[in-house]
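Report on one structure; see the data block that follows.
The values are calculated or read from the model by the stated rules, or taken from the named source; none is laboratory data. On a predicted model such as this, the values are computed, not experimentally measured, just so you know. Neighbour counts are summed over all protein chains in view; Cβ atoms, including those assigned to glycine, are modelled from backbone coordinates with ideal geometry.
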Ligand SMILES: CC(C)(COP(=O)(O)OP(=O)(O)OC[C@H]1O[C@@H](n2cnc3c(N)ncnc32)[C@H](O)[C@@H]1OP(=O)(O)O)[C@@H](O)C(=O)NCCC(=O)NCCS
């Protein structure tokens, strides 16, 4: 019985992963307590964890405490990107003081079909700029995280600076590239005009 379930589950996952057209589907929604397990699995994935400022494996307790606090904080937005009820990515926006300027962070399942990250990021940016009235989104990436650097640039983010040797991981220092995207420069903005209020 368990074997049958595992085989069916693997088939379903393979179907989702193989079908690249899925990247045109999917939607972003607020993270809920029911997402804790799948988001933790993604967050602790070796290919995600190594790009994060906090790199240790996060325990379920630590993760639950983080969610309890962050989900109650009105300046923090926690979003999950899912396709056919499977969670493929996570985006967080954090406004430091009521300025309309937010920091964002994100990651996508390394097994996700190509284009899922872009689809998720575009929907997230449309949401904050249009629906939330945010003025600027800021991001930071390690200077060796080429995927993220290229990804920010392709979304229209400008490189605004480099924080040299700004992060110590316990062994060595790493530089961070700072990115910023103003609402008026957002490449996904045209889609705002097509949408009816
Ligand atoms: C950063 C991150 C989200 C970028 O994801 P990504 O895989 O580059 O983004 P996409 O899924 O949109 O894929 C982009 C690539 O697929 C291509 N692509 C997009 N849609 C496609 C499609 N339908 N079919 C085939 N290829 C497609 C793009 O042209 C692009 O190619 P390129 O890398 O040669 O430019 C991802 O690497 C990640 O989660 N990394 C770990 C966490 C992390 O670093 N987070 C950011 C911290 S600052």
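For the reader, a short list of remarks on this structure follows.
- The set of residues from the stretch 172-197 being exposed (fewer than 11 other Cβ atoms within 10 Å of the Cβ) and at pLDDT 95 or above comprises 172, 173.
- Residue count for the stretch 84-101 satisfying the condition of being crowded, with 21+ Cβ neighbours inside 10 Å and modelled with pLDDT under 95: 0.
- Contacts under 6 angstrom Cβ, first residue in the stretch 130-158 being farther than 17 Å from residue 187 by Cα, partner near the ligand (Cβ under 10 Å from one of its atoms) and assigned to a loop (DSSP other than H, G, I, E, B), 6 or more apart: 145/51
- Checklist (1) under 9 Å from the mean Cα position of the chain (by Cα); (2) closer than 23 Å to residue 177 by Cα; (3) crowded, with 17+ Cβ neighbours inside 10 Å applied to residue 79, failing item: (2)
- Top-ranked residue of the stretch 44-76 - restricted to ones that are under 23 Å from residue 142 (Cα atoms) and in contact with a strand residue (DSSP E or B) (Cβ under 7 Å, 6 or more places away or on another chain), ranked as surrounded by the most Cβ atoms within 10 Å (Cβ to Cβ): 48
- The residues of the stretch 102-129 that are without any contact (Cβ under 8 Å) to a residue 40 or more places away in the chain, more than 9 Å from the ligand (Cβ to nearest atom) and surrounded by 18 or more Cβ atoms within 10 Å (Cβ to Cβ) amount to a single one, 102.
- Residue within the stretch 3-10 that is modelled with pLDDT under 90, out of contact with any strand residue (DSSP E or B) (no Cβ under 8 Å at 6 or more places or on another chain) and surrounded by 11 or more Cβ atoms within 10 Å (Cβ to Cβ) present: no
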